[in-house]
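The values are calculated or read from the model by the stated rules, or taken from the named source; none is laboratory data. Quick caveat, the model's predicted, so the values are computed rather than measured. All Cβ positions, even for glycine, are placed from backbone atoms using ideal geometry, and neighbour counts span all protein chains on display. When the accessible area is computed, the model is the full protein with side chains, heavy atoms only, and any ligands, DNA or RNA have been set aside. Shrake-Rupley method; radii C 1.70, N 1.55, O 1.52, S 1.80 Å.
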Amino acid sequence: MLRFVFTRLSLVVPTFIGITLLVFVLIRLIPGDPIETMAGERGIDPARLAQLRKDYGFDQPVLVQYGFYLSRLAHGDLGRSIVTHEPVIAEFQSLFPATVELSICAILFALCVGLPAGIIAAIRRNSIFDHGVMGISLTGYSMPIFWWGLLLILLFSVQLGWTPVSGRIAVQYYIEPVTGFLLIDTLLDGDVGAFRSALSHLILPTIVLGTVPLAVIARMTRSAMLEVLGEDYIRTARAKGLPPFRVIAIHALRNALIPVVTVIGLQVGVLFTGAILTETIFSWPGVGKWLIEGINRRDYPVLQGGTLLIGAIVMSVNLLVDLAYGLINPRIRYTR
Amino acid sequence: MSVENIQPPIAVAQPDTPPSPSLEFWQDFRKNAGAVAGLVVIAVLILLALSADIVAPHSPVLTNNAAFLKPPFWQQSGSLAYPLGTDAIGRDILSRLIHGARLSLLIGIAVVALSVIAGTILGLIAGFFRGVTEIAIMRLMDITLTLPSLLLAIVIVAILGPGLMNAMLAVAIVLLPHYVRIARAAVISEVSKDYVIAAKVAGAGRFRLMFKEVLPNCAAPLIVQATLGISTAILDAAALGFLGLGAQPPLPEWGTMLADAREFVLRAWWVVTLPGLAILITVLAFNLLGDGLRDALDPKLKR
């Protein structure tokens, strides 16, 4: 197991350095001088320009600049936003909990609906229920979620007036962030009205962000279940007279869940992609909306830092999933 | 989300006269009702796209000051002059949707073609040359895969500047790793087979081995992935359009149309509903077709 951990870790380091290099090079490719961009329309006197270039290290060779970039990175310095002049990492930290809260709710929603749907579809193979689940999940998988969000707003917020259109909580509530998760913070505060408000703001974004993972989980659970149900040990379990529920829930499900766990881990990247769109539609104050605003304002430090942090987070989660997978399933440790 | 199935091929009793491969493929494919439906929808879309100038009742960019936000014909103040209503500046939505089909199909096919060609060549190189070349290519692809697809596409568009061509290029780059991986995996499993060794012994050069011997035998997984890739490309390009980074107005791209329609969500449901429905139907059709092709082309994945 230790060897497996080390092999995986040794793969992560070059990938991370690769991401830093990629982000560094990509931002460099943007046309225009960064100092002149910072100076803006007013212009800048040449001596001051040269001084600033020296201060920021832009007079050095590119490779040296990359070295500077890495060393600042090692100190947790991702630069400052051109628009707000706040450190990028501080902005990210204050917005990240909103994205995580939404993502956790979305994946829980996807699991609570997707797992049972996939299991029942596999047990009743070729039934109407099975075809229905597969049809709906392929539709969900094909769904342009930015449109899906607008559609839900149209139905539930505009026509029925059940849910708020945008934001994270109604304006009259102010909650001091403790964990950053509003559902928890409002409860810690003991403010039931604020909790209900936060919850009602969460419902539609959760459904929108959870739709694609839900479809993937339902399809994956069904096919993994079908595979396991054909195994000899299931027939043995049935033959020795175990109740059907026990065969499904204890014998089959445990093995069927292994590929499903991997798929859930792989959804982290998908969730971020979805979060960018979902947060934009619902004005959800998370990192996805922040990145899109960063692009529209040409705030390149935000874009650079945000991309790097998200890349690092996705990579870490994938690593954890891999390690967990090696822990659940010993076969995987030796086959790679 | 592709699942790699590493099952040993199962020996099947051969019938007396095996049907020709293409006939067998068609018989397998025809049994899949969903795949046939997908194919029909795609055929209709292609016909609409080709004949857009004739079929569309109005010009997709012509505005009509007398008909702002007119509802579809079955609603009260709607009329058959604008069967699906008009948008906020009086353009016919049906005509814009038909011309949008042309754009979306073009985006899907061009993006995937670019991605498949570049990806296959990189994958063949990685699979044939191994060593440092392979490590360099595959590492780069791993890094690309680590970043969420839309985020990477957004960063690329931010560098190149918004626009349809740049958005297409960005989506092509994002899709690239999938084809590189498939091509490399297929090459590695094919290279040690007898027919490749025979060709090598017969004196075939590396180029011939790569493109004439190995490539045709790796085609099936690439075709399946390409079909599914078209739907991803259409979705991602529409998402970029929706974020204002893809096709720019007045181009009737479906995602861009949705972005324009967002502010009218309270007043005019049709300007919001119809372009999204068009995206959904198109993407669903390509996904159905891709699933059907996979079942028919890759017997190993059949259940």
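Below, the figures for the structure above:
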item	result
Matching residues in segment A:280-319 - criterion: being more than 9 Å from chain B (Cβ to nearest Cβ), farther than 22 Å from residue A:30 by Cβ, buried (at least 21 other Cβ atoms within 10 Å of the Cβ) and under 12 Å from the mean Cα position of the chain (by Cα)	A:286
Considering residues of segment A:257-267 that are of a type in the set (A, V, I, L, M) and free of Cβ contacts under 8 Å to residues at least 60 places away in the same chain only, the residue farthest from residue A:219 (Cα to Cα)	A:266
Residue selected from segment B:262-276 under the condition open to solvent by 70 Å² or more (accessible area, probe 1.4 Å) and either on the phi > 0 side of the Ramachandran plot or facing chain A (nearest Cβ under 10 Å) (or both), by the criterion nearest to the chain's Cα centre (by Cα)	B:262
Answer residue from segment A:243-279, given it is closer than 22 Å to residue A:201 by Cβ and of a type in the set (A, V, I, L, M, F, W, C) and is nearest to the other protein chains (Cβ to nearest Cβ) among those	A:272
Residue match in segment B:112-131 (condition: out of contact with any Leu (no Cβ under 8 Å at 6 or more places or on another chain), more than 9 Å from chain A (Cβ to nearest Cβ), surrounded by fewer than 20 Cβ atoms within 10 Å (Cβ to Cβ) and within 22 Å of residue A:16 (Cα to Cα))	yes
Test: residue A:297 is more than 17 Å from residue A:110 (Cα to Cα) and of a type in the set (D, E, K, R)	yes
Condition check for residue B:250: surrounded by fewer than 24 Cβ atoms within 10 Å (Cβ to Cβ), under 22 Å from residue B:97 (Cα atoms) and away from chain A (no Cβ under 14 Å)	yes
The one condition in (1) within 21 Å of residue B:98 (Cα to Cα); (2) among the hydroxyl-bearing types (Ser, Thr, Tyr); (3) under 15 Å from the mean Cα position of the chain (by Cα) that residue B:256 fails to fulfil	(3)
Residues of segment A:197-216 satisfying the condition of being open to solvent by 20 Å² or more (accessible area, probe 1.4 Å), β-branched (Val, Ile, Thr) and in contact with a helix residue (DSSP H, G or I) (Cβ under 7 Å, 6 or more places away or on another chain)	A:207, A:212
Those residues of segment A:75-133 which are among the β-branched types (Val, Ile, Thr) and touching a residue at least 40 places away in the same chain (Cβ under 8 Å), in sequence order	A:82, A:83, A:88, A:89, A:99, A:100, A:107, A:113, A:119, A:123, A:133
Segment A:133-167: number of residues that are more than 8 Å from chain B (Cβ to nearest Cβ), under 20 Å from residue A:98 (Cβ atoms) and of a type outside the set (A, V, I, L, M)	6
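The rows are residues; the columns are (1) within 30 Å of residue A:227 (Cα to Cα); (2) away from every other protein chain (no Cβ under 14 Å); (3) open to solvent by 10 Å² or more (accessible area, probe 1.4 Å); (4) charged (D, E, K, R).
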position	(1), (2), (3), (4)
B:211	no, yes, yes, no
B:241	no, no, no, no
B:280	no, no, yes, no
B:283	yes, no, no, no
